[in-house]
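Structure first, then comments.
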């Protein structure tokens, strides 16, 4: 089953020992349901895997920014990788330590940089010479001496979906190795910035650990050259991107194997390693609960029309991503090829196409698996649909960590303009 801590008990799909039917009664549908225990265990697996190194684990907030999940990870001692001022605000509200925050992203605004400087975050991963100059100006104005890494682009093919690949020279992310070396060698001109780290991130949903090893080797070679020139490189950040299993039969890379590769490559190298896992911590720890509204038999095709839609989970429409669809109550009904679709007025509004699944009837609950990452965070109010609730399960306890939006939420901040 491609979802952690979710299993069948007497033909009822459960999170831990809690029937998802019970959560649907509490939270309604559609709703995201997360396993807190799975999230904790995945974070701890990274910590164990890197036990032989000085290391920092910065959870990639963009994967799932729910305050419930952020506070849980802050309690575990996690750092945080952010890509906006809003994500920093969330981390701080959730109890995160600003000194353990890394600010990544290619388009940071002056307001976001100033806010992060004022909060005295741990490190900035800068992605252009222009960003460095702006950060230097702001830091001098408010009297800060931030630690900074350049995010370099190692020109590595991560063999992933083109929308989530970031490590080739054709991508907008990072700075080429030669240009980065030139900037580092002029680091003294960037005072008060402390340019003492190197970062890279080659993409997401990567199954080939060798791609990470190749990227790390190029970063290590650059770090060695820079140290030879007297540039005090102390920290390396390899980013995130470890893949997870969305489809039954495709095995996720092992966090332990990934850690062994990193430990072997950095043995005796005297760097502090940072990584930024997101999807591999929360992805398999969540499902999207949805209820069947109608069964519609078309010409040569059956549609299960459900109350979740592309505005709730856009990954299938955006990436043609596969998510397993599981009946919350096993029925023993015959299997038929089904398109699972939502109410949104778009032909691209589907959660699954051509799935062999037990006949779905109105009122049935379905669980869309492996939606803990890039599910709710990519949701919207398209078609003026309120966003889903979120529930967090730890042991036998269920907490609603985000209430379902109501219609009044849809127009918050808007005004009616009536001409006289």
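The values are calculated or read from the model by the stated rules, or taken from the named source; none is laboratory data. Since this is a predicted model, take the numbers as computed values, not measurements. In this analysis, Cβ positions are derived from the backbone assuming ideal geometry, glycine residues included, and neighbour counts consider all displayed protein chains.
Descriptive notes on the structure:
- Segments classed as strands (runs of 3 or more DSSP E), wholly inside region 295-345, with at least 1 members that are free of Cβ contacts under 8 Å to residues at least 12 places away in the same chain and assigned by TED's automatic domain parsing to the domain that holds residue 379: none
- Residue tally, condition in contact with a strand residue (DSSP E or B) (Cβ under 8 Å, 6 or more places away or on another chain) and farther than 11 Å from residue 88 by Cα, over region 114-123: 2
- Complete set of residues in region 47-66 that are touching a helix residue (DSSP H, G or I) at 6+ places or on another chain (Cβ under 6 Å) and not in a loop (DSSP other than H, G, I, E, B): 49, 57, 59, 61, 63
- Residues satisfying the stated conditions in region 240-266, i.e. without any contact (Cβ under 8 Å) to a residue 60 or more places away in the chain and either under 16 Å from the mean Cα position of the chain (by Cα) or more than 17 Å from residue 198 (Cα to Cα) (or both): 242, 249, 250, 251, 252, 253, 254, 257, 261, 264
- Members of region 194-218 that are within 19 Å of the chain's Cα centre (by Cα) and more than 11 Å from residue 238 (Cα to Cα): 204, 205, 206, 207, 208, 209
- Conditions (1) surrounded by fewer than 22 Cβ atoms within 10 Å (Cβ to Cβ); (2) in contact with a helix residue (DSSP H, G or I) (Cβ under 7 Å, 6 or more places away or on another chain); (3) assigned by TED's automatic domain parsing to the domain that holds residue 265; number of the one not met by residue 96: (1)
- Here residue 46 fulfils each of the conditions (1) touching a strand residue (DSSP E or B) at 6+ places or on another chain (Cβ under 6 Å); (2) more than 22 Å from residue 254 (Cα to Cα) apart from (2).
- Filtered residue count, region 346-360, keeping only those that are part of a strand (DSSP E or B) and without any contact (Cβ under 8 Å) to a residue 60 or more places away in the chain: 8
- Condition met for residue 357 (more than 24 Å from residue 381 (Cβ to Cβ) and crowded, with 17+ Cβ neighbours inside 10 Å): yes
- Residues being in the same structural domain as residue 150 (by TED's automatic domain parsing), more than 18 Å from the chain's Cα centre (by Cα), in a strand (DSSP E or B) and modelled with pLDDT of 90 or more are represented in region 219-237 by at least one member.
- Number of positions in region 125-147 that are modelled with pLDDT under 95, in contact with a strand residue (DSSP E or B) (Cβ under 7 Å, 6 or more places away or on another chain) and surrounded by fewer than 17 Cβ atoms within 10 Å (Cβ to Cβ): 0
- Any chance residue 35 is closer than 26 Å to residue 315 by Cα and either more than 14 Å from the chain's Cα centre (by Cα) or not assigned by TED's automatic domain parsing to the domain that holds residue 367 (or both): yes
- Residue list for region 373-402, restricted to those being free of Cβ contacts under 8 Å to residues at least 24 places away in the same chain and either more than 26 Å from residue 41 (Cα to Cα) or under 19 Å from the mean Cα position of the chain (by Cα) (or both): none
- Taken residue by residue, region 364-385 has at least one member that is modelled with pLDDT of 95 or more, part of a loop (DSSP other than H, G, I, E, B) and more than 29 Å from residue 60 (Cα to Cα).
- Residue within region 355-365 that is closer than 22 Å to residue 34 by Cα and touching a strand residue (DSSP E or B) at 6+ places or on another chain (Cβ under 9 Å) present: yes
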